[in-house]
Amino acid sequence: MKNDLEKLAHKWVKSKTEEVDTQGEYYCQTRDVFEARNNKIPEMLVNKGMDEGLAYLIYSMIGELGNNSFDHNLANWPNVIGIFFNVEYDGESGMAVIADRGLGVLNTLKKAAPNLNNDEEAVELAFTKKISSRILENRGNGLKFVKNNVMDKNLVLKFHSGNAQVFINHNMEIKHTGDRLNGCLAALYF
């Protein structure tokens, strides 16, 4: 079940523009569609037996990941505007997947840190320092918030942008991958 959702998101990001499913149930073209769907998540998780505090924390982390896609690609989407988004939970374990076909972490952070050399440096910076491509705004804590809560609550986050893959559980590991992904794909396991 869960692995299939992550594979679907990966296929969605990697597909040719004309083959991207923009009519399916996992597609959110605009932020308001994403937020409306995400607003239903805490109740669904609680109704299936999750602790209310954890349900709202997961909702907040999903909101941060999804809103990043819209915030950092605003008016700069290379092709398909919007995100792939879904949450599955069976009462014991679950996952949330958010993916976009945007600019990716390296291209967006180069506005604030022009000396970045590669995707690995960019994702490390994004998850460890207060930085944002929206330079004039007091932003840049979102991915640190996600990372700290994943570590604190014994969750798992897999994050892929460009040639960098990040795996976070009790620590954070970043590795180079030959599977280049334009945009970002985040899979939060809980």
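The values are calculated or read from the model by the stated rules, or taken from the named source; none is laboratory data. The structure displayed is predicted, hence computed values, not measured ones. Cβ atoms come from the backbone with ideal geometry, glycine included; neighbour counts cover every protein chain shown. Each accessible area value is taken on the protein alone, full model and side chains, heavy atoms only, with ligands, DNA and RNA left out. Shrake-Rupley method; radii C 1.70, N 1.55, O 1.52, S 1.80 Å.
At a glance:
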quantity: Rg and Dmax [Cα atoms of segment 1-52; Å; Rg one decimal, Dmax integer]; calculated: 13.8, 42
quantity: Under the Karplus curve 6.51 cos²θ - 1.76 cosθ + 1.60, θ = phi - 60°, whole-Hz ³J(HN,Hα) for segment 174-187, x wherever Gly or Pro sits; calculated: 10, 9, 7, 10, x, 8, 5, 10, 6, x, 9, 9, 10, 10
quantity: FRET efficiency for Ala113 and Ser93, using Cβ-Cβ distance with R0 set to 41 Å, rounded to 0.05; calculated: 0.65
quantity: Amide H contacts of Lys153 (H built 1.01 Å from N, under 5 Å, at least 5 apart or other chain); calculated: none
quantity: Label-point separation, Val46 to His176 (7 Å along Cα→Cβ), nm; calculated: 4.7
quantity: Accessible area of His160 in the full protein assembly, 1.4 Å probe (Å², nearest 10); calculated: 10
quantity: Given [x] 18.1, 63; [y] 16.9, 54; [z] 15.6, 47, the label whose value is Rg and Dmax of the Cα atoms in Å derived from this model; calculated: [z]
quantity: Efficiency of FRET between Tyr56 and Tyr26 - r from beta-carbon atoms, R0 25 angstrom, step 0.05; calculated: 0.65
quantity: Mean Cβ neighbour count within 10 Å, used as a protection proxy, ranking 97-107, 175-185 highest first; calculated: 97-107, 175-185
quantity: FRET efficiency, 1/(1 + (r/R0)^6) with R0 25 Å, evaluated for Phe145 and Ala36 via beta carbons; calculated: 0.70
